[in-house]
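Q: Sharing a structure below in structure tokens format, with a few things to ask.
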Amino acid sequence: MDIEKKKFRCHVSIIFEQCAQVIGALILYMGVQFIDLWMELFGDDAAAGALDEIAGTLLLGVAILVLVLLFAIIKWRKTTISLEEDAIIWEKNTLHKKTLTIGIKNISSINIERNLFERIVGTAKLKLDTASLSTADSTDVLFVFRLEDAMRYKEYLEGKASISDDSRVASTGADEKEAGHGKTISADDAVAAEYTSQLTEILRHCFYDISIVSVLFCVLLTGVGIYLAVDSLKSGNIEAVTGDIIAAVVVIGPFLYAFFRSTLGKLLDYYNLTVSRKGNQIHMKYGLLKVKEYVVPVEKINAVKIRQTWIGRLCKRYNASIECVGVGDEKEEIAQLTLSLPYEEMNRRLSGLLPEYNLTPVKDMKKIPKAALLHKTGGLVIFTVIVTAFWIGTAVAFREMGATEIDKTFGCIATALILAIYAYIILTLILQMRTEAVGLYNGFMAIATGSFGRSIVITPYKKIQYVSINKFPFCRFTGLVSGNIHILAQGLNSIKSVPYIRETDVELLKEKICDRSR
Amino acid sequence: MKKEYSKLSKNALVCMYITALIAAAIVAAVFIAVRNLFFADASWATVVVNVVLLLCLSGVTVAPYVRFCRYRYCIDDECIDVVEGIIGIERDIVPIERIHQIAINRGPIDRILGLGRVSVTTAGGEVDIRFLEVEKAEKIAESLKHRINKIAVEDREQQ
């Protein structure tokens, strides 16, 4: 292959991309200095020394800009990547030398990303990630090439990475009683399944994905704003009213903007989301301003997550995503397989994309035992102790200081707030009891958690790295324990909480994760 | 067949007492310093410091013994199983097949008492078997390496 054993550098445009923020800040700074200079020259109080001062500052800005560009150019010249037969070698020969050798077989995802600037200049970022915990929270190798070159190298690496007999993942639901799909897809298949999300589907997903906290916060802020505006209007003073309304808009406006931006911003992120299965790889492409393409070998997928937000739960909508290293390292990266859909449609798409994962038993998972409520009320007891201590302390302090009308108002507000928190805790407990479940099936484990929303994580036993179980003193009365399973994923996604299960089930789980015949 | 769990040696108990004493001394010193510097006249601060000192005392006298009695581990052909805790008990189960790396670590107190810690690393994190005698730690590490190599050979033969 002609690209093997050659050293490449990033496309030169990366210099400007990396320095963009610094250049932007310097230009802004120098612009402000120019305005100052103009005003000093032609203003009423022109001062002779001011001209020298501003000129000096401008020169400093230019000097910093030159240094930053020089440093970026040296770094660009000294950083190379080469493709060997079975490995990629990334080298940085600056003052701090670094050489990274990555076996091609260890690559867990190969991604192409193009932001607006890259689309204008005709380049693309090639991002490679390996299945390694130590680098799970960041991209392992990132290089910018011309678009044609990036696509060529991506194809070359896809052809070499993780295509082996082992990568034909056997079905996790071989037991007929569990109605497993039992299908394997050979490496030679063309596109086995492809789904593109339409605009209406994306808009619906934006609606179903709204956070309950954001909604409550915005409603509260808007309510407070309206109350203050009405209160101000009663005074009849036009100037005061105008000032109050402007102040309310300035304070509340940014929060409302952030809410709508995060909700409708998903429209830009998920634009034209296309997910397909080709051989033993999942291909994902999405984005309007920043187009991203990911390729994930199926064997590198460590879990599938099915999520319902609180609105999704009310409207019976589910969305599915994957847990793997390489996708999700950065905030803009999305590992979504499907957007919010009815269960049957989501199941149909997942059957085409990942027939290895059997979802049928997941719909009727057994809830956690009722005795778990005893464990969960511990938090409520602690909160009650804290509240009691607070009330006693406040009562003593008020008696010493002498209670007034204002203090009585404070007392009423505090009581209402505490009652509201109690109501929230109790509601959360009830919903958790209805939501949480654990299932140990043939080949995989399913864990459901949440209260208002719900999240179901499905992971094959062979992907569970280890298990931690916690047993508290009163567990001997209930026979229940809780804990975590640890998988390979970035950040906190590597730890999946296991809600209360019987101690006997722990031995069953131990047997299943240690079984090497799977 | 019920698996046999191994317990720790008496040196481990001494190590636990020493580490508990050091931790309690640091915590008590911090609380007393903060009380004396910022809340010298507050009676409630004295109450808080007394409660903390009481907890430190129980942490030094009772907790290490309970921890020593509860700590046990089991290593067989399939997995490592470590159980430890004082009030709550934590159990870590690591299949041998998942282990990527094995290391033996020895802190300053471990060196004085002839103890060591075996750390096994998987793709999902690390699990430790602590307070082992050095010879035992080395034997366990060696045995785990052999088992991992055996598993790798068996996997290659199956392919």
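The values are calculated or read from the model by the stated rules, or taken from the named source; none is laboratory data. Predicted model only: the values in this text are computed from it and were never measured. Ideal geometry is used to build each Cβ from the backbone, glycine not excepted, and the neighbour counts take in all protein chains shown. Quick note on the areas: whole protein, heavy atoms, side chains included, nothing else; ligands and nucleic acids left out. Shrake-Rupley method; radii C 1.70, N 1.55, O 1.52, S 1.80 Å.
Q: Ranked highest first by the average count of other Cβ atoms within 10 Å around their residues, in what order do A:207-218, B:117-128, A:144-155 fall? Before the final figure, lay out each step's value.
A: On the way: A:207-218: 15.4, B:117-128: 19.9, A:144-155: 17.2.
By packing density, highest mean first, the sequence is B:117-128, A:144-155, A:207-218.
Q: Further, regarding this structure: Can you compute the helix-only [θ] at 222 nm over the protein assembly as shown? Use -39500 (n - 2.57) per DSSP H run of at least 4 residues, normalise by all residues, nearest 500 deg cm²/dmol. Let's see the in-between values first.
A: On the way: 18 runs with 327 residues, N = 677.
It comes out at -16500 deg cm²/dmol, rounded to the nearest 500.
Q: What is the distance in Å between the Cα centroid of the range A:296-311 and that of the range A:67-91?
A: Cα centroid of the range A:296-311 versus Cα centroid of the range A:67-91: 34 Å apart.
Q: Can you give me the span-like helices of chain A, meaning DSSP H runs with 18 Å or more of Cα extent along the axis and Kyte-Doolittle mean at or above 1.6?
A: On the way: long enough: A:13-42 (41 Å, 1.32); A:48-78 (46 Å, 1.64); A:147-160 (20 Å, -1.29); A:212-235 (35 Å, 1.81); A:238-269 (43 Å, 1.26); A:372-401 (45 Å, 1.31); A:405-435 (45 Å, 1.30).
Result, helices passing both filters: A:48-78, A:212-235.
Q: Another question, then. Under a cut-off of 17 Å between alpha-carbon atoms, report the lysines in cross-link reach of B:LYS139, not counting same-chain residues fewer than 8 places apart.
A: B:LYS7, B:LYS150
Q: Taking only C-alpha pairs under 8 Å that are 6+ residues apart, what is the relative contact order of the range A:47-105 in percent?
A: Working: 48 pairs, mean separation 12.0, N = 59.
The value is 20 percent.
Q: Highest first, please rank the peptides A:297-305, A:505-513, B:35-43 by the mean number of other Cβ atoms sitting within 10 Å of their residues.
A: Output ranking for A:297-305, A:505-513, B:35-43: A:297-305, A:505-513, B:35-43.
Q: If you don't mind, there's one more thing I want to ask. Treating the beta-carbon of each Lys and Arg as +1 and of each Asp and Glu as -1, no other charges, what is the dipole magnitude of the protein assembly as shown about its Cα centre, to the nearest 20 debye?
A: Details: 79 positive and 76 negative charges, 372 e Å.
Computed about the Cα centre, the dipole is about 1780 debye.
Q: What accessible area, summed over both chains, is buried at the A-B interface (1.4 Å probe, Å², nearest 100)?
A: Numbers: alone 28540 and 10310 Å², together 36790 Å².
Interface area, both chains combined: 2100 Å², rounded to the nearest 100.
Q: Could you give the size of the charge dipole of the range A:392-509 about its Cα centre, using +1 on the Cβ of each K and R and -1 on the Cβ of each D and E, expressed in debye and rounded to the nearest 20?
A: Computed charge dipole of the range A:392-509: roughly 400 debye.
Q: If you find the alpha carbon centre of the range A:374-394 and of the range A:422-501, how far apart are they in angstrom?
A: Cα centroid of the range A:374-394 versus Cα centroid of the range A:422-501: 25 Å apart.
Q: If you don't mind, another one. Kindly point out which whole DSSP H helices in chain B project their C-alpha atoms 30 angstrom or further along the helix axis while averaging a Kyte-Doolittle hydropathy of 0.5 or above.
A: Numbers: long enough: B:10-38 (42 Å, 1.83); B:134-158 (36 Å, -1.02).
Going by DSSP H runs, the hits are B:10-38.
Q: Let me ask you something else. Could you list, in their original order, any pairs among A:LYS105/A:LYS127; A:LYS98/A:LYS127; A:LYS92/A:LYS125 whose Cα atoms are separated by more than 21 Å?
A: Numbers: A:LYS105/A:LYS127 15 Å; A:LYS98/A:LYS127 18 Å; A:LYS92/A:LYS125 18 Å.
In this structure, not one pair exceeds 21 Å between Cα atoms.
Q: Using +1 at the C-beta of Lys and Arg and -1 at the C-beta of Asp and Glu, which of A:ASN106, A:PHE145, A:TYR286 has the Cα lying farthest in the positive direction of the dipole of chain A?
A: Final value for the positive-end residue is A:ASN106.
Q: How high is the relative contact order of chain A, in percent, counting Cα pairs under 8 Å that sit 6 or more residues apart?
A: Here the relative contact order equals 13 percent.
Q: Another one. What shape does the range A:63-102 have by the C-alpha gyration tensor, where a ≥ b ≥ c are the square roots of the eigenvalues, rounded means a/c under 1.5, and otherwise prolate means a/b greater than b/c and oblate the rest? Before the final figure, lay out the partial values.
A: Working: a/c = 5.26, a/b = 2.99, b/c = 1.76.
Taking the square roots of the gyration eigenvalues as a ≥ b ≥ c, the range A:63-102 is prolate.
Q: Which one, A:VAL381, B:LEU132, A:VAL213, projects farthest toward the positive side of the charge dipole computed for the protein assembly as shown from Cβ point charges (K/R +1, D/E -1)?
A: B:LEU132
Q: Counting pairs of alpha carbon atoms under 8 Å apart in space and at least six apart in sequence, what relative contact order in percent does the range B:66-159 give?
A: Numbers: 135 pairs, mean separation 18.3, N = 94.
In percent, rounded to a whole number, it is 19.
Q: Could you tell me what % of all Cα pairs in chain B have separations over 21 Å?
A: Values: 7180 of 12561 pairs.
Cα-Cα pairs of chain B separated by over 21 Å account for 57 percent.
Q: In nm², what is the average projected area of the convex hull enclosing the Cα atoms of chain A?
A: Over all viewing directions, chain A projects a mean Cα-hull area of 36.3 nm².
Q: Solvent-accessible area per residue for the protein assembly as shown at a 1.4 Å probe radius, Å²?
A: 54 Å²
Q: With +1 on each Lys and Arg Cβ and -1 on each Asp and Glu Cβ, how big is the dipole of the range A:238-328 about its Cα centre, in debye rounded to the nearest 20?
A: On the way: 13 positive and 6 negative charges, 135 e Å.
That gives a dipole near 640 debye.
Q: GNM on chain B, C-alpha springs below 10 Å: top fluctuator among B:VAL66, B:VAL14, B:VAL27?
A: Evaluated over chain B, the most mobile residue of the options is B:VAL27.
Q: Continuing with this model, one more query. Taking 0.36 nm per intervening residue step and subtracting the Cα-Cα distance, what contour gain separates A:LYS160 from A:ILE392 on full extension? Intermediate results must be reported in sequence, preceding the final value.
A: Values: separation 232, 0.36 × 232 = 83.52 nm, distance 6.95 nm.
Using 0.36 nm per residue and subtracting the Cα-Cα distance, I get 76.6 nm.
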